[in-house]
Amino acid sequence: GLGAVGFETTLFVDFYDCLRSLVEQVITPDPNGQLLNASLLLEAFTSPETSNSIVSYVRLLTSAELRTNQDEYAAFVVHPETQESMSIIAFCNYFVEGMGKEADHVQMQALSKAMGVNLSVAYLDGSINNDANGDAPVDFVKFDNGGGDSANGIDDVVLLYR
């Protein structure tokens, strides 16, 4: 867990509570009696307080996975601009835990393993040309947590990158 790699509970408990309450709202109505639906989810993710809390918690989970399994990731950890090798701790401090940093392949793989789910990232950056109908195909990159096609009986979690 996060405490096992040295994160103080006071650092992450509020972030965790924010994510937990959103997930719980899938099966337990909020104080207004509403279950989580697409509209409420959009509202939550467009609220800076909620979205930043969730992103912070997910960054800490990713960092904990990298720190816990350093031997598995060390060969792939490089500075994103210089491509020079870095220590896992420095990489986590600057490029995983820091807000406003993009997640590269190693972070996405660590997140997949930390959460126990397969991830599919849809790239919506316009790098693929439109087809004859003017539609742009979506390019997906899959990150397998090692659990096979349906990790823990859960379909891939799809994330968007634009």
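The values are calculated or read from the model by the stated rules, or taken from the named source; none is laboratory data. None of these values were measured; they are calculated from a predicted model. Virtual Cβ from ideal backbone geometry, glycine too; neighbours counted across all protein chains shown. Accessible surface areas use protein heavy atoms only, side chains included; no ligands, DNA or RNA. Shrake-Rupley method; radii C 1.70, N 1.55, O 1.52, S 1.80 Å.
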Would you work out what percent of the accessible area of segment 2-77, with all protein chains in place, is carbon or sulfur (probe 1.4 Å)? 58 percent
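Using Cα-Cα distances under 8 Å and only pairs 6 or more residues apart, what relative contact order does the chain have, in percent?
Details: 195 pairs, mean separation 27.9, N = 162.
Relative CO of the chain lands at 17 percent.
For the chain, what does the convex hull of the Cα positions come to per residue, in cubic angstrom? Kindly include the intermediate steps, with their values, before the conclusion.
Working: hull volume 25.2 nm³, N = 162.
Measuring per residue, one finds 156 Å³ for the Cα hull of the chain.
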q = 0.14, 0.24, 0.33 Å⁻¹: log10 I(q)/I(0) that the Debye formula gives for segment 22-64, counting C-alpha atoms only: -0.38, -0.85, -1.06
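Over 11 Å apart: what share of the alpha carbon pairs of segment 83-123 falls there, rounded to a whole percent?
Numbers: 571 of 820 pairs.
Looking at segment 83-123, the distances longer than 11 Å represent 70 percent of pairs.
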Once Rh is set to the Kirkwood radius over Cα pairs, what Stokes-Einstein translational diffusion coefficient, in µm²/s, holds for segment 1-52 at a temperature of 20 °C and a viscosity of 1.002 mPa s? 175 µm²/s
Could you list the GluC sites (Glu not before Pro) in segment 1-63 that lie in coil according to DSSP, counting only those with at most 15 other Cβ atoms within 10 Å of their Cβ? GLU8
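Return the Rg/Rh ratio of segment 15-86 with Cα-based radii and a Kirkwood Rh. Display every interim value, and only then the final one.
Details: Rg = 17.2 Å, Rh = 14.5 Å.
Rg divided by Rh gives 1.18.
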Here, ILE154 and THR28, labelled 7 Å along Cα→Cβ, have an inter-label distance in nm of 1.8 nm
For the chain, dividing by residue count, accessible area per residue (probe 1.4 Å) in Å² works out to 63 Å²
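Determine the calculated [θ] at 222 nm for the chain from helices alone, applying -39500 (n - 2.57) to every DSSP H run no shorter than 4 residues and normalising by the residue count; nearest 500 deg cm²/dmol.
Details: 6 runs with 65 residues, N = 162.
For the chain, the value works out to -12000 deg cm²/dmol.
Based on the mean of other beta carbon atoms within 10 Å per residue, what is the order of 66-74, 32-40, most packed first? Walk me through the numbers before you get to the answer.
Working: 66-74: 16.2, 32-40: 10.4.
In descending order of packing, they fall as 66-74, 32-40.
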Cut-off 11 Å between beta-carbons: net charge of the residues surrounding LEU36, Lys and Arg +1, Asp and Glu -1: -3
Mind giving me the nanometre distance, one decimal, between the label points for GLU72 and ASP144, set 7 Å out from Cα along Cα→Cβ? 1.4 nm
